[in-house]
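A quick write-up on the structure given underneath.
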Amino acid sequence: MKLFVGLGNPGKEYEGTRHNLGFDALDAFALSIGADIDRVGFKGEYGIFKNPAFPEPIILLKPQTFMNLSGESVQALASFYHLEAKDIVVAYDEMALPEGSLRIRPSGSSGGHKGIGSIINYLHTEQIARIRIGIGEPPFHNPVDFVLGKPSIEGRKKIDEAIKLAAKAFALIASQGLEMAMSICNGKKS
């Protein structure tokens, strides 16, 4: 069983913001495979998808704890289903990457991202695969306003292409593994 996680903040006021790209990527993947994220529990919204195209069932999770406490939801669900860190893939926004770019990594530090940092803290390991969706550096000194803001029309087009690529990356990870997804998706930009 695999656990695919999209990070974001719950609530209408955060929809369309840079910080909710993990939610957007997971929703795009769910739509592409006909999966529903229609259950509530483990401090999140989740769904379980089984399909012969994928060798094992996939749990899709959108933590509803707010970004900085995402680890609470991930740890609760992973513990219940007896999942290890190697079974988890997390998608989220990344300021260290150019807007609209995508990078998949098998592990690493949080790089200052509070959501993945929370997951690392709760699971006690950095060995968590991640799909990082580039939002670029903030043009001003307040990164909080930047990540909670909405991109320009041109920026949104780039980000939407990256979200499509992230959905493809989730599908490749599910069907052919992380290394295949990295070889196909890393380095591509909208």
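For segment 1-114, a simple Cβ point-charge model (Lys and Arg +1, Asp and Glu -1, everything else neutral) yields a dipole of about 220 debye relative to the Cα centre. Distance between the pseudo-spin-label points of Asp36 and Met1 (7 Å out from Cα toward the beta carbon): 1.9 nm.
Kindly point out which whole DSSP H helices in the chain project their C-alpha atoms 30 angstrom or further along the helix axis while averaging a Kyte-Doolittle hydropathy of 0.0 or above. TM-like helix candidates: 153-176. Sorting the segments 48-57, 178-187, 155-164 by their mean number of nearby beta carbons within 10 angstrom, highest to lowest, gives 155-164, 178-187, 48-57. Per-atom-type breakdown for the chain gives carbon and sulfur 53% of the accessible area (1.4 Å probe, protein chains only). Counting only lysines at least 8 places from Lys86 when in the same chain, those with an alpha carbon closer than 22 Å to its own are Lys2, Lys43, Lys50, Lys62, Lys114, Lys168. Average 1/r across all pairs of distinct alpha carbons in the chain, invert it, and you get the Kirkwood radius: 16.1 Å.
If packing is taken as the average number of other Cβ atoms within 10 Å across a peptide's residues, how do 125-136, 107-118 rank, most packed first?
Result, highest mean first: 125-136, 107-118.
Distance between the C-alpha centres of segment 37-79 and segment 92-106: 21 Å, rounded to the whole angstrom.
List the relative contact order of the chain as a percent without decimals, with contacts defined as Cα pairs under 8 Å and 6+ residues apart. Don't skip to the answer; put the middle values down first.
On the way: 413 pairs, mean separation 50.4, N = 190.
Reported as a whole number, the value is 27 percent.
Could you give me D for segment 92-142, from Stokes-Einstein at 25 °C and 0.890 mPa s, where the hydrodynamic radius is the Kirkwood radius over C-alpha pairs? Units µm² s⁻¹, please. The partial results should precede the final answer.
On the way: Rh = 11.4 Å.
It diffuses with D of about 215 µm²/s by this estimate.
For a test of the definition: using alpha carbon positions, the gyration tensor, and the 1.5 limit on a/c, classify segment 107-190 as rounded, prolate or oblate.
Oblate.
Using packing as a proxy for protection, rank 142-153, 16-27 so that the peptide with the highest average count of other Cβ atoms within 10 Å comes first. Please report the intermediate quantities before stating the final value.
Details: 142-153: 13.6, 16-27: 24.4.
Going by the mean number of other Cβ atoms within 10 Å, highest first, we get 16-27, 142-153.
Take segment 86-190 with all the other protein chains still there, run a 1.4 Å probe, and you get 49 Å² of accessible area per residue.
The values are calculated or read from the model by the stated rules, or taken from the named source; none is laboratory data. Just so you know, these numbers come straight off a predicted model, no measurement behind them. Please note: Cβ atoms are built from the backbone with ideal geometry, for glycine as well, and neighbour counts cover all protein chains shown. Surface areas here come from the heavy atoms of the whole protein model, side chains and all, with no ligands, DNA or RNA. Shrake-Rupley method; radii C 1.70, N 1.55, O 1.52, S 1.80 Å.
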